[in-house]
Amino acid sequence: MGVIRQESVRPPSVRGRVRRNIRARNIRALCIIAGAVLAVTAATPGCDAPPDPAVTHSRIDVIKNDLFKRVNDERAARGLPAMSWDNNLAGYADNWSANMKAYGFRHSDIGSLLGSYNFVGENIAAGSGGVAAGSLHGAWMRSTWHRANILNRDFTRVGIGVYCAPDGGIWLTQEFGRDWADGMPAGGGGVPPENPVARNDGGNSTC
């Protein structure tokens, strides 16, 4: 199932816009929903390098790095600037991935991230045991509104959360943000076409 909610909240003197679109789709054992987008006030997000699997050897860190690289490979293929890894967004995403496993597959209230960022978005996905993270990335790229989040020029930061269930199931959350230092989002640009997809390979990063 694919769902997107997009909302732009501007400074108090200007009215915000809300746009919603719903798409439904079955993709083998995968479950996907596309993101939300919002904007408002100030603060400073934390930014750092993504986890280094060469140092941690954590399966979850390997999955995060794989997905982070895939996001920026897709952006590079379209001539878009790379997103920076953001530890605040990644922590939020980790918590939400675990929450979905416990309480059901749905979007978080990403409005709670506003203040630290002026523009935010979210993609979520889940797969049964043995489903590779790269396959879920491929599903996102074939879904109009997930792809729109990944390729949104206004996003400058990303954090990725992974929860590996005891049965091998995988729960993913991508949180996108724009730092206040990068200015207000320009908006527009339309929905990016599906091709070229830079990373069609499923890879072998699994829970």
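For the reader, a short list of remarks on this structure follows.
- Sulfur and carbon atoms: percent of accessible area, the range 133-207 [1.4 Å]: 48
- Accessible solvent surface per residue of the range 129-207, calculated while the other protein chains remain in place, 1.4 angstrom probe, Å²: 38
- The distance between label points at Asp167 and Ala76 comes to 3.8 nm (points 7 Å beyond Cα on the Cα→Cβ vector).
- Relative contact order (percent, whole number), the range 54-159, Cα cutoff 8 Å, 6+ residue spacing: 43
- For the range 97-207: rounded, prolate or oblate by the Cα gyration tensor [a/c cutoff 1.5]: oblate
The values are calculated or read from the model by the stated rules, or taken from the named source; none is laboratory data. What you see is a predicted model, and the numbers here were worked out from it, not measured in a lab. Don't worry about glycine lacking a Cβ; one is built from the backbone with ideal geometry, like all the others, and counts go over all protein chains shown. For the accessible areas, the whole protein counts, side chains as well, though only heavy atoms, and no ligand, DNA or RNA atoms are used. Shrake-Rupley method; radii C 1.70, N 1.55, O 1.52, S 1.80 Å.
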